[in-house]
1. About the Cα centre of the stretch 344-459, how large is the charge dipole given +1 on each Lys and Arg Cβ and -1 on each Asp and Glu Cβ? Please answer in debye to the nearest 20.
2. With N set to the number of residues, divide the alpha-carbon radius of gyration of the chain by 2.2 N^0.38 Å and report two decimals.
3. Which one, 423, 455, 435, is farthest towards the positive end of the dipole of the stretch 417-458 when Lys and Arg carry +1 and Asp and Glu -1 on their Cβ?
4. With all protein chains present, calculate the accessible area of residue 11 using a 1.4 Å probe and round the result to the nearest 10 Å².
5. Please state the charge dipole magnitude for the chain, taken about the Cα centre, from unit charges on C-beta atoms (+1 on K and R, -1 on D and E), reported in debye and rounded to the nearest 20.
6. What's the carbon and sulfur percent of the stretch 2-162's accessible surface, probe 1.4 angstrom, rounded to a whole number?
7. Carbon-plus-sulfur fraction of the accessible area of the stretch 417-458, 1.4 Å probe, in percent?
8. What is the percent carbon and sulfur in the accessible area of the stretch 230-344, measuring with a 1.4 Å probe over the protein chains and ignoring ligands?
Amino acid sequence: MKIVVLNGSPKGEQSVTLQYVRYAARKFPDHQFEILPIAQTIRKLEKDEKALALVIDAVKAADAVLWSFPLYFLVVCSQYKRFIELVFERNLQDAFAGKYAASLSTSIHFFDHTAHNYIHAVCDDLGMNYLGAYSAAMYDLMKKPERARWLGFVGRFLDGVSRRVPTARVYPPLVPSAFVYTPQPAAAKVNAMGKKILILKDGQAPLGNADAMATALAAHFGAAAEVVNLMDVDIKGGCLGCCRCGLDNICQYSGKDGYIDFYNEKVKKADVVVFAGAIHDRYLSSRWKLYFDRSFFNTHVPTLSGKQIAFLISGPLGQIANLRQILEAYGEFQECNPAGIVTDESENAAQIDALLADLASSLVRPEAEGYAPPMTFLGVGGRRIFRDEVWGMLRFVFQSDHRYYKKHGLYDFPQKNYKARRMNALMMLLTKIPPVRKKFLKILTEQMVKPLKHVAENR
Ligand SMILES: Cc1cc2nc3c(=O)[nH]c(=O)nc-3n(C[C@H](O)[C@H](O)[C@H](O)COP(=O)(O)O)c2cc1C
């Protein structure tokens with residue numbers, strides 16, 4: 001059988017993920033794996049119709065498609081995202097419809113599930129028969145059991161394709177809306193209290209409800225709000241995944257385009273950052289993805305700590321739980337306060353006006369200052385992955401993260417909790433004695449809450 005591999009790494013042949021494909025191709029010599037460098041050649045694919053047609057012809061001629069990509073900011077990289085947009089914009093879906101598909105990623109498992117959910121949903125939208133996701137940690141291929149696991153997946157995938165097994169759509173089609181939001185003029189100005197308010201929009205044509213919401217929100221602040229169109233920011237290209245930024249946060253684009261200055265001068269210095277965008281396929285636009293990917297020069301350090309952020313989203317966010325989770329996770333790992341998400345889904349201009357008016361005042365209220373909600377699993381889990389990776393395998397590459405994590409007490413390994421260790425050792429010994437064990441079980445609930453009761457009643 002012929003498997004077309006859509007390589008979603010900007011590093012092309014140097015891709016870590018691609019080595020998994022090469023390994024599988026060597027172990028399954030009866031099948032042909034045709035690897036196409038999609039992310040690396042996106043500029044060409046965008047401009048050169050013949051080059052894009054060659055990719056589409058290869059997909060048409062294949063028995064199955066393998067989406068092979070690195071994780072970039074909880075999804076795929078902007079270049080790969082752009083390719084997916086091109087397929088829809090140029091009505092090339094037919095080439096994919098009915099083909100079998102699977103997805104392969106490498107990452108440090110930080111929101112790998114949201115990336116695979118995204119690709120799965122795109123496959124469903126393309127009418128493909130999606131057979132599953134394989135999320136490898138970067139260096140899994142070095143381990144024998146993991147190699148066996150990967151081959152097991154590929155074997156099952158090939159078998160499924162050859163038997164033409166039935167598949168079911170998991171993500172229902174999105175229901176589009178033709179609603180046009182026309183805001184009423186803001187009733188009263190909100191006093192920005194000297195805060196710097198930055199509203200970012202992607203400026204994608206046609207300007208739609210996200211743009212109107214950005215303008216309407218800005219109107220509440222008058223001159224205190226700055227609206228920046230990402231199309232006006234000089235961004236030469238997508239993140240190349242070179243990781244040069246790891247040593248001192250110096251990006252390979254430094255001095256070559258305007259993104260880094262823009263991020264350092266505008267985004268980092270703002271008190272409030274609002275992100276406005278429309279949904280394109282199952283995410284925002286690739287321009288937005290470019291913005292997020294390029295912010296990777298800050299590596300694994302939050303840059304929006306203590307700020308208020310908000311999202312203005314046009315499109316069916318309520319139908320894409322995966323995207324909502326991505327936005328929420330972004331707020332959590334940035335350690336800021338997500339003050340709200342306003343969408344146009346109500347199709348009710350008066351309600352959107354009211355939500356924007358309320359958002360405007362909550363973004364600058366004194367009560368909001370410096371507040372960030374406690375992290376949920378999204379932030380806590382993510383931070384632990386970063387902590388372990390930066391302390392472990394990634395330390396020599398991401399030395400600036402290491403310095404930051406040390407300085408800010410982020411190396412909070414439980415092994416360092418000597419009080420807990422002493423108590424555990426003692427209690428584990430004591431609970432081996434039957435009468436102590438019996439007593440322990442009897443008073444366990446009461447003892448667990450005792451210190452909290454003390455605080456609740458006395459502090
Ligand atoms: C800009 C950028 C963003 C990344 N974002 C994530 C992420 O969200 N989650 C994760 O687990 N790894 C993330 N990574 C790590 C890569 O996914 C990982 O190094 C991958 O193995 C690279 O594969 P490749 O060599 O095939 O491009 C990111 C790397 C870069 C450069």
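1. Numbers: 20 positive and 13 negative charges, 378 e Å.
In total the dipole reaches around 1820 debye.
2. Rounded to two decimals, the normalised Rg is 1.10.
3. My answer, from the dipole projection, is 435.
4. It works out to around 70 Å².
5. On the way: 58 positive and 45 negative charges, 549 e Å.
Result for the chain is approximately 2640 debye, rounded to the nearest 20.
6. The nonpolar share, carbon plus sulfur, comes to 51 percent.
7. On the way: 2780 of 4170 Å².
Roughly 67 percent, rounded to a whole number.
8. On the way: 1860 of 3690 Å².
The computed percentage sits at 50.
The values are calculated or read from the model by the stated rules, or taken from the named source; none is laboratory data. Because the structure is a prediction, the values reported are computed rather than measured. Cβ atoms come from the backbone with ideal geometry, glycine included; neighbour counts cover every protein chain shown. Calculation scope for accessible area: heavy atoms of the full protein, side chains included, ligands and nucleic acids excluded. Shrake-Rupley method; radii C 1.70, N 1.55, O 1.52, S 1.80 Å.
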